[in-house]
Amino acid sequence: MCRAIHFPTKTADDVGRLLARSGTSDVVDAAVIVAAIEHNAAVLTSDPKDLAKLASAADYPVHLLTV
């Protein structure tokens, strides 16, 4: 199920920290990983490579499902 979620300043800060930690620059991908962590959600993706790097940098288990 997809749903809209709130994106407060703290979440934006977390996204920035994740980008710095991962050495990547895709804000949307980082926001997806941060949201998945905050909501304990799996991520459906057709390109798991970039998301896996971000999930690894987050040092938190994020379930990535390739579609």
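Each reported figure results from applying straightforward, stated rules to the coordinates on display, with no laboratory input. All values derive from a computational prediction rather than experimental measurement. Neighbour counts run over all protein chains shown; Cβ positions are idealised from the backbone, glycine included.
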Next on the checklist: Place a point 7 Å from the Cα of K53 along the Cα-to-Cβ direction; which residues of the range 1-40 have their backbone N under 18 Å from it?
Outcome noted: 15-34
Checklist entry - In what order do V34, V15, V28 fall by count of nearby beta-carbon atoms within 10 Å, going from fewest to most? => result V28, V15, V34
Next on the checklist: Explain nothing, just the number: dipole magnitude of the range 9-66 about its Cα centre with +1 on each Lys and Arg Cβ and -1 on each Asp and Glu Cβ, in debye rounded to the nearest 20.
Outcome noted: 100 debye
Item to check | Listed candidates [x] 15, 24, 22, 20, 18, 1; [y] 22, 59, 19, 0; [z] 20, 44, 26, 9, 0 - label of the one calculated as P(r) over Cα pairs in 10 Å bins from 0, in percent | outcome: [y]
Item to check | Extension gain, H63 back to T11 (0.36 nm per residue minus Cα-Cα distance, nm) | outcome: 16.8 nm
